Amino acid sequence: MNAPVPEIAAAADAKLGASISVRRLNVTYPNGFTAVTDASFELDPGTICALVGVNGSGKSTIFKAIMGFVRPTAGEVRLCGLTVGEALKRNIVAYVPQSEDVDWNFPVLVETVVMMGRYGHMNFLRMASRADRYKVDEALERVGMSEYRKRQIGELSGGQKKRVFLARALAQEGRIILLDEPFTGVDVKTEAAIVGLLRELRASGHLMLVSTHNLGSVPDFCDHVVLLNRTVLAAGPTAEVFTQKNLELAFGGVLRNFQLGGAALHDDADARSVTVLTDDERPLVLYGDKHSRRQEPDGE
Amino acid sequence: MSALLAELLIPFDYGYMLKAMWVSALVGGVCAFLSAYLMLKGWSLMGDALAHSIVPGVAAAAILGAPFAVGAFFAGILASVAMNFVKQKSRLREDAVIGLVFTALFALGLLMASIWPTSVSIQTIVLGNILAIADEDVVQVAIIAGVSLAVMLLVWKDMMVTFFDENHARSIGINTTFLKGLFFTLLSACTVAALQTVGACLVIAMVVTPGATAYLLTDRFGRLIVISVALGVTTSFVGAYISYFLDGATGGVIVCLQTLLFLAAFFFAPKHGVLASRRRRQAAIEAAA
């Protein structure tokens, strides 16, 4: 037997690591509002999972519970088998914020933001070592933002802003990456680039949990889906969970849902139909009850 | 000529003037350090609220003969606890809660000072009295400012991440609740110190203006702190010095100086100034034409 190549061994190690386990989670806020009841799901390494639900369905509460921002009233969250606190100390979780949550006027340069991803690896004075600087360069290079490193973050376009925070997550080297609405305000080209990057990370064993409104792109790049409405309505592989029936359950009357078929599409009666489900972003289009696979954008 | 020079050096011959200048500079520097953070979060008025809220503590300390700083510190804590409590338990907006709590405490302080006018003067509290500062107060102020400065130098980067992106700060294991608590503790302590130099009404300027000025001059947070502290130290030192000649309230002179520098940055800052924006706009219009 040959000894495993170190890189492969490291990847295997990471594969063992990245997992999220939410068991019977209940969260009630101090003001008495119960945001999530009895929510459970399990995610394994090498996964891109969409967290889908209407506003107020508990998406951000689940994120907060994973980040340790809210304490479960009952149940528990385990990351890589560790408690949230232990996992955070080990830099396992990286967070890519929603653009609206960032103060873009904050006086920091692009490279400073990415360097913040390294802080967890530094001593308490946060002095950057040569290795830290190298990781920052590498992360900026990987998202194609090297030439903008000396810009103040507010001077960037929507897509560039997103990429800065992705670079920070890369520099942090977290095995679990939480992305909050990563495609809001992002052009199609950047979206393709982000999706490409997420796929690469999946291949190397990372676990990504993506909160999104963008229903149409979910089947494109998410292999798993967790559907929320104050609890987990359904969780599992996209093909099984992301169905019209489940989506109607999750979105109730909120979703625009129209079906084109029969005489509306053809002169003759035809049993085939097209269903369009949408809230405010790209619609989900179902042919019969199958997902339409968008053409993969050419790699750029 | 030499007569003029001698005249200008007079303040340095007086012990009380030297003391006033150095203490002001120290306090001005630390407050400016904190101002770099405070103005970024839309919390500027928290500084004002704190300064007014600690007045009853100061009055109580004077009446009981306890150290100035102790009374102020407890009043500051009482104020933040009260604000948080009212905010969490009611549906009032934050600004209303702050306005409610700080004016209530300020009124209480003024009431106490007017009932026992012999032990504490309203004028000292409201306007500060750095020229007559007692030696034990100098020690208190120096300790507060020195400790705050040391702590901030150690945690300035963690504090920056916490203020910039609290979720990320938490994800790398920073205890953001502790840091925010620490920040407000230092802020209350430095507010107490600044109370002696510029008085309750003008403390807000010390913890806002230098940071706001530096904000217009740089896009790097590290430099922002350096510029802000430099401005705070210089204006406070020079302000105390000038107040000797003008025979005016030290606080007023210091804050006027800070405001002058702010206005200069507001108009002439190379990138974020009014004139620079106008030039850029002009250039854009010409390029389009």
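The values are calculated or read from the model by the stated rules, or taken from the named source; none is laboratory data. These numbers come from a predicted model, not from an experiment. Note that we place each Cβ from the backbone using ideal geometry, even for glycine, and neighbour counts take in every protein chain shown.
Couple of notes before you dig in:
- Residue match in the stretch B:90-101 (condition: within 14 Å of another protein chain (Cβ to nearest Cβ) and of a type in the set (Lys, Arg)): yes
- Matching residues in the stretch A:132-169 - criterion: being surrounded by fewer than 24 Cβ atoms within 10 Å (Cβ to Cβ), in a helix (DSSP H, G or I) and either touching a residue at least 40 places away in the same chain (Cβ under 8 Å) or of a type in the set (Asp, Glu) (or both): A:132, A:137, A:138, A:141, A:142, A:147, A:153, A:154, A:155, A:158, A:161
- Failed item, numbered, when residue B:168 is tested on (1) surrounded by 20 or more Cβ atoms within 10 Å (Cβ to Cβ); (2) under 25 Å from residue B:78 (Cα atoms): (2)
- Residue match in the stretch A:148-167 (condition: touching a helix residue (DSSP H, G or I) at 6+ places or on another chain (Cβ under 6 Å) and aromatic (Phe, Trp, Tyr)): yes
- Of everything listed in (1) within 20 Å of residue A:66 (Cβ to Cβ); (2) surrounded by 18 or more Cβ atoms within 10 Å (Cβ to Cβ); (3) of a type outside the set (D, E, K, R), the single unmet condition for residue A:238 is (1).
- Within the stretch A:88-101, the residues that satisfy the criterion of being facing another protein chain (nearest Cβ under 7 Å) and out of contact with any Leu (no Cβ under 8 Å at 6 or more places or on another chain) are A:88, A:89, A:91, A:97.
- Boolean, residue B:277 is within 27 Å of residue B:138 (Cβ to Cβ) and of a type outside the set (A, V, I, L, M): no
- Residue A:105 vs. criteria within 20 Å of the chain's Cα centre (by Cα), outside any helix (DSSP H, G or I), within 11 Å of chain B (Cβ to nearest Cβ) and farther than 16 Å from residue A:190 by Cβ: no
- Of note, residue B:179 does not satisfy the criterion of being at pLDDT below 95, surrounded by fewer than 24 Cβ atoms within 10 Å (Cβ to Cβ), out of contact with any strand residue (DSSP E or B) (no Cβ under 7 Å at 6 or more places or on another chain) and away from chain A (no Cβ under 14 Å).
- Any hit, the stretch A:175-190, residues being crowded, with 18+ Cβ neighbours inside 10 Å, at pLDDT below 90 and in a helix (DSSP H, G or I): yes
- Looking at the stretch B:172-289, the helices (runs of 4 or more DSSP H) lying wholly inside it that each contain 1 or more residues that are under 22 Å from residue B:131 (Cα atoms) sit at B:176-198, B:203-206, B:221-246, B:250-268.
- Members of the stretch B:132-176 that are in contact with a Lys or Arg (Cβ under 9 Å, 6 or more places away or on another chain), more than 14 Å from chain A (Cβ to nearest Cβ) and of a type in the set (A, V, I, L, M, F, W, C): B:133, B:138
- For the condition touching a helix residue (DSSP H, G or I) at 6+ places or on another chain (Cβ under 8 Å), crowded, with 18+ Cβ neighbours inside 10 Å and β-branched (Val, Ile, Thr), residue B:255 qualifies.
- Enumeration of residues in the stretch A:180-206 that are more than 12 Å from chain B (Cβ to nearest Cβ), under 24 Å from residue A:87 (Cα atoms), touching a residue at least 24 places away in the same chain (Cβ under 8 Å) and not polar (S, T, N, Q): A:181, A:182, A:197, A:198, A:199, A:201, A:202, A:203, A:205, A:206
- Yes/no for residue B:209 being free of Cβ contacts under 8 Å to residues at least 60 places away in the same chain and within 19 Å of residue B:39 (Cβ to Cβ): no
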